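Written below as C-alpha cells is the structure these notes are about.
The values are calculated or read from the model by the stated rules, or taken from the named source; none is laboratory data. Not measured: the values here are computed from a predicted model. With ideal geometry, Cβ positions are generated from the backbone for all residues, glycine too; neighbour counts draw on all protein chains shown.
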Amino acid sequence: MTPEEKAKLDIVNPILPNGRRKYKIHQMLSKETKERLSPHVISVLVLMKSANSVAELRRLVQRQYGIDQPNLFDGWNVE
C-alpha cells in the first residue's frame, strides 16, 4: 500500500490496544487499491499453498521478492 493509503487506513480503522484492528483490512480498501494489490495477493497465496511451513514460506517470499516480510507473521504463534 502507498503511504497515503496506509495513513487513511489508520484513520478509518485504527489499531486497537490489543494490536489488532476492528475490521479486516480488505473491508477498508478502495476498489482501485484492491485491483492494484490483487496480483500480489494472488502470488503470495500461491506461495502459501506450496509451502509446508512458515519457515519455508518465509524462504519462498525472500526468494521471490528479495525481501523478508516478517510483518506478515507478526503475532502468529505457529512455529
Collect the residues in the stretch 11-47 that are farther than 26 Å from Arg58 by Cα and of a type in the set (Asp, Glu), keeping them in residue-number order. Glu32
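What residue, of Glu32, Glu56, Glu5, is among the acidic types (Asp, Glu), touching a helix residue (DSSP H, G or I) at 6+ places or on another chain (Cβ under 8 Å), in a helix (DSSP H, G or I) and on the phi < 0 side of the Ramachandran plot? Let's see the steps before the verdict.
Numbers: Glu32 fails: touching a helix residue (DSSP H, G or I) at 6+ places or on another chain (Cβ under 8 Å); Glu56 fails: touching a helix residue (DSSP H, G or I) at 6+ places or on another chain (Cβ under 8 Å).
Criteria check complete, one pass: Glu5.
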Residues located in the stretch 14-36, provided they are at pLDDT 85 or above and either in contact with a strand residue (DSSP E or B) (Cβ under 8 Å, 6 or more places away or on another chain) or surrounded by 12 or more Cβ atoms within 10 Å (Cβ to Cβ) (or both): Pro14, Ile15, Arg21, Thr33, Arg36
